[in-house]
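Trainee: Below is one structure. I have some questions about it.
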Amino acid sequence: MKKTKLLSIVLAALISCGTFAGCSSEEQTSSETEAAAESTTAAETTETTPAAPEAAVLTSETAKLLGRTHLIDDTLWCGFSGTGAEFEYTGKKLDITFAADSAAAGNMDNRARAAVYVNGERVLDEMLDMPKETFTVYESDSAETVNVKIVKLSETAMSTFGIMPIVLGEGETIAPAAEKAHKIEFIGDSITCGYGVDDEDKTHHFSTATEDVTKAYAYKTAEALDADYSMVSISGYGVISGYTNDPNVKVDAQTIPQYYDNLGFSYNKFANSQSPQDIDWDFSGFTPEIVVINLGTNDESYCKGSLEKQTEFVEGYKKLLADVRAKNPDAEIFCAFGVMGAGMLTSVMEAAITFSEETGDTKVHYVQLPTQDGSLGYAADWHPTEGTHELAAEVLVNEIKTVMGW
């Protein structure tokens, strides 16, 4: 009787435990099912929500910067002719957004001219007339890797532009384009800028719409030598005087040497807030093997055969050479002249020779460029045509190759 009662108690206890265990298991299973459902829903939500696009700021980490550029609030600003950026883009659709300065709303002859190349082909050539404009420059059904180069075709004095961050979709990337074999800096005036090269009518006058630095001797020289470049050039500027209609009036405000250490000169401002002439250039950012100086054409309008003024020019040119040498201690310097006339030929040659003699600097060379004779026509305001620029580039390239052994 005692054994039967004890067995009943044990059985009751076991049944009770089994019942509780069963309840606990069902609750756990229910919880797991709900959790799994929530997890699945979360996963589905994650998969169907597209990734937010990224914005790649153009810096030396994301692109090869062309010439003297300046970053303001994530926008890369370009002043001098030829400035811009080059990168390798991987993706399906690429938009480039430009920010213009106040010139966009002003005289149409002063607006900035921009070009974009994809795999070496110019796919965009635009005069910027809006504060901000976006252009689709590449589109493909499948993701491809292409080379993209953005170049400022017009000069700094009249207008500037900024390149805003590149918006990248999921899986899209940009990376700096490969460095070229050599590096060259050009210092010049309207000839270097490509003044009027797209307007072969000598009676026409200045317009940024007809400037194209890629058709000028400097850009062509860099291309022929497989060189990355930097340009310091402003139309009408000289060594001791800018262009003048009166030889008794010296235009000393328009001289290149005073802006050699800066981002240039412009009547407008980067981001409508900073003047290029107030921004210092970091010479460590670009170390050229060669510096080509092509100045003196505008000084001629002031010197006009005056021995005293030509002597002043020679001294001013030597000071420029000293500054260039200080900033580029190892570079070979080529003093080129002659495309638009030979009036200052002797003075440029004298400056190069006497500087070398006085300083013992054997890395300064003189190059006489072919003078235009009209056989290849004239561009706006009697400036060189692309054909004339090609002849000048050929002479300069050959001289550089001879000296450098390239």
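The values are calculated or read from the model by the stated rules, or taken from the named source; none is laboratory data. Just so we're clear, the structure is a prediction, and the values are computed from it rather than from any experiment. Every residue, glycine as well, gets a Cβ built from its backbone with ideal geometry; the counts of neighbours run over all protein chains shown.
Trainee: Out of 381, 361, report the one residue that is in the same structural domain as residue 212 (by TED's automatic domain parsing), at positive phi and not aliphatic (A, V, I, L, M).
Mentor: 381
Trainee: Now, a different point. Looking only at the stretch 224-242, filter to residues that are of a type in the set (Gly, Ala, Ser) and in a loop (DSSP other than H, G, I, E, B); which one of those is farthest from residue 380 (Cα to Cα)?
Mentor: 241
Trainee: Restricting to the stretch 366-393, name every residue that is under 26 Å from the mean Cα position of the chain (by Cα), assigned to a helix (DSSP H, G or I) and in contact (Cβ under 8 Å) with a residue 40 or more places away in the chain.
Mentor: 380, 386, 388, 389, 390, 392, 393
Trainee: Collect the residues in the stretch 73-118 that are under 23 Å from residue 209 (Cα atoms), of a type in the set (S, T, N, Q) and surrounded by 15 or more Cβ atoms within 10 Å (Cβ to Cβ), keeping them in residue-number order.
Mentor: 81, 83, 97, 110
Trainee: Take residue 328 and decide whether it is among the polar types (S, T, N, Q) and within 25 Å of residue 382 (Cα to Cα). First the steps, then the outcome.
Mentor: Numbers: among the polar types (S, T, N, Q): yes; within 25 Å of residue 382 (Cα to Cα): no.
When the stated conditions are applied, residue 328 does not pass them.
Trainee: If residue 178 passes every condition in (1) under 16 Å from the mean Cα position of the chain (by Cα); (2) over 29 Å from residue 96 (Cβ atoms) but one, which one does it miss?
Mentor: Exception for residue 178: condition (2).
Trainee: When you scan the stretch 73-191 for strands (runs of 3 or more DSSP E) that lie fully inside it, which ones turn up with 2 or more residues that are in contact with a Pro (Cβ under 7 Å, 6 or more places away or on another chain)?
Mentor: Counting at least 2 such residues, we get 84-100, 166-168, 182-188.
Trainee: If you check residue 259 against the conditions, is it among the hydroxyl-bearing types (Ser, Thr, Tyr), closer than 20 Å to residue 216 by Cβ, in contact with a helix residue (DSSP H, G or I) (Cβ under 7 Å, 6 or more places away or on another chain) and surrounded by 15 or more Cβ atoms within 10 Å (Cβ to Cβ)?
Mentor: So residue 259 fits the description; yes.
Trainee: Then there is this: Within the stretch 282-291, does at least one residue satisfy the condition of being outside any loop (DSSP other than H, G, I, E, B), at pLDDT 95 or above and buried (at least 17 other Cβ atoms within 10 Å of the Cβ)?
Mentor: There is at least one residue in the stretch 282-291 that is outside any loop (DSSP other than H, G, I, E, B), at pLDDT 95 or above and buried (at least 17 other Cβ atoms within 10 Å of the Cβ).
Trainee: Further question on the same structure: Limited to the stretch 186-207, what total is found for residues that are out of contact with any Gly (no Cβ under 9 Å at 6 or more places or on another chain) and either farther than 17 Å from residue 386 by Cβ or not assigned by TED's automatic domain parsing to the domain that holds residue 337 (or both)?
Mentor: Within the stretch 186-207, residues that are out of contact with any Gly (no Cβ under 9 Å at 6 or more places or on another chain) and either farther than 17 Å from residue 386 by Cβ or not assigned by TED's automatic domain parsing to the domain that holds residue 337 (or both) number 2.
Trainee: Can you name the residue in the stretch 395-406 that is in contact (Cβ under 8 Å) with a residue 60 or more places away in the chain and assigned to a helix (DSSP H, G or I) and, of all such residues, is surrounded by the most Cβ atoms within 10 Å (Cβ to Cβ)?
Mentor: Initially, the stretch 395-406 is screened for residues in contact (Cβ under 8 Å) with a residue 60 or more places away in the chain, giving 396-397, 399-401, 403-404, 406.
After this cut, where a residue has to be assigned to a helix (DSSP H, G or I) as well, the list is 396-397, 399-401, 403-404.
Values: 396: 23, 397: 18, 399: 18, 400: 25, 401: 12, 403: 14, 404: 13.
The qualifying residue surrounded by the most Cβ atoms within 10 Å (Cβ to Cβ) is 400.
Trainee: May I ask you to say which residue of 167, 197 is surrounded by 17 or more Cβ atoms within 10 Å (Cβ to Cβ), of a type in the set (Val, Ile, Thr) and either over 14 Å from the mean Cα position of the chain (by Cα) or under 30 Å from residue 394 (Cβ atoms) (or both)? Please lay out each step first, then the result.
Mentor: Numbers: 167 fails: surrounded by 17 or more Cβ atoms within 10 Å (Cβ to Cβ).
Of 167, 197, the one residue that is surrounded by 17 or more Cβ atoms within 10 Å (Cβ to Cβ), of a type in the set (Val, Ile, Thr) and either over 14 Å from the mean Cα position of the chain (by Cα) or under 30 Å from residue 394 (Cβ atoms) (or both) is 197.
Trainee: Would the stretch 119-135 turn up any residue that is small (Gly, Ala, Ser), over 21 Å from residue 55 (Cβ atoms), at pLDDT 95 or above and surrounded by fewer than 20 Cβ atoms within 10 Å (Cβ to Cβ)?
Mentor: The answer is yes, given that some residue of the stretch 119-135 is small (Gly, Ala, Ser), over 21 Å from residue 55 (Cβ atoms), at pLDDT 95 or above and surrounded by fewer than 20 Cβ atoms within 10 Å (Cβ to Cβ).
Trainee: Here's something else I'd like to know. Restricting to the stretch 297-310, count the residues that are among the polar types (S, T, N, Q) and over 17 Å from residue 337 (Cα atoms). Don't jump to the end; show me each part of the working.
Mentor: As a first pass, look at the stretch 297-310 and keep what is among the polar types (S, T, N, Q): 297-298, 301, 306, 310.
Filter once more, so that each one left must be over 17 Å from residue 337 (Cα atoms): 306.
Residues that pass the stated criteria total 1.
Trainee: Okay, next question. Quick check on the stretch 250-258. Is at least one of its residues in a strand (DSSP E or B) and touching an Asp or Glu at 6+ places or on another chain (Cβ under 7 Å)?
Mentor: Looking for residues that are in a strand (DSSP E or B) and touching an Asp or Glu at 6+ places or on another chain (Cβ under 7 Å), one finds none in the stretch 250-258, hence no.
Trainee: Criterion first (over 27 Å from residue 132 (Cβ atoms) and either in contact with a Gly (Cβ under 8 Å, 6 or more places away or on another chain) or part of a loop (DSSP other than H, G, I, E, B) (or both)) does residue 245 satisfy it?
Mentor: Spelling it out, residue 245 is indeed over 27 Å from residue 132 (Cβ atoms) and either in contact with a Gly (Cβ under 8 Å, 6 or more places away or on another chain) or part of a loop (DSSP other than H, G, I, E, B) (or both).
Trainee: Assess whether residue 111 counts as being under 20 Å from residue 235 (Cβ atoms), modelled with pLDDT of 95 or more, more than 14 Å from the chain's Cα centre (by Cα) and not small (Gly, Ala, Ser).
Mentor: Yes; evaluated as a whole, the condition is true for this residue.
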